[in-house]
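The values are calculated or read from the model by the stated rules, or taken from the named source; none is laboratory data. Because the structure is a prediction, the values reported are computed rather than measured. As a convention, Cβ positions derive from the backbone with ideal geometry for all residues, glycine included, and neighbour counts pool all protein chains shown.
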Amino acid sequence: MGLWGQAMVRVKQFYRALTAKIEPADRDFLQKYLGEQERALFYQMDPIDQRHCLDVAQHAYRIATARGLGPKRATLVKAALLHDIGKIRGETTLLTRVAYVLRRRSIERRSGAKTRILSGHAERGAHMAETFGIDPEIVELIRDHHKQPTSKLAALLHEADSMF
Ligand SMILES: [Fe+2]
Ligand SMILES: [Fe+2]
């Protein structure tokens, strides 16, 4: 993407941030790709992040369709809808359980042989998704979404994420 393209993305991002809105068609889309608990998680993001994830997911859906991705399209869309859940702030009732599990895991980690530092919203989001029993393939897509893509799905998510 050239400089002009990047500038246009910024302008669109700014405009979308001002007008972030979830339409009935978006709710249908969410209903189709996410289970009840996953939707509850989705709606805990800031409206701007919700809008961003919807835009990324709907774009991912279009490119997956255009490139004949097949049954993996649903995996990609779901990962796109949830990829930034690690940005959810604070502890809410639903997140209390998550926070508890994260705390327990970090204690286990510190006392165990493996030490791993939770870094940034990608890692945090992946842990949250894991706690909710989300498909490990999606957990990995969330965890790696700011890294150099190493799979076709990761590359498509990366491409869609960079558009909004
Ligand atoms: Fe992200
Ligand atoms: Fe993102």
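Descriptive notes on the structure:
- When the stretch 125-139 is filtered for residues that are farther than 12 Å from Q37 by Cα and within 16 Å of ligand 1 (Cβ to nearest atom), the ones remaining, listed by number, are G125, A126, H127, I138, V139.
- Cβ pairs under 7 Å, 6+ apart, first in the stretch 139-164 and closer than 24 Å to Q13 by Cβ, second assigned to a loop (DSSP other than H, G, I, E, B) and away from ligand 2 (no atom under 12 Å from the Cβ): A154/D144; A155/P149; H158/P149
- Output for the stretch 45-84, where each listed residue is among the polar types (S, T, N, Q) and either on the phi > 0 side of the Ramachandran plot or within 16 Å of ligand 2 (Cβ to nearest atom) (or both): Q50, Q58
- Residue list for the stretch 144-164, restricted to those being outside any loop (DSSP other than H, G, I, E, B), crowded, with 21+ Cβ neighbours inside 10 Å and within 11 Å of ligand 1 (Cβ to nearest atom): L157
- Residue in the stretch 55-67 that is modelled with pLDDT of 95 or more, small (G, A, S) and more than 15 Å from ligand 1 (Cβ to nearest atom) present: yes
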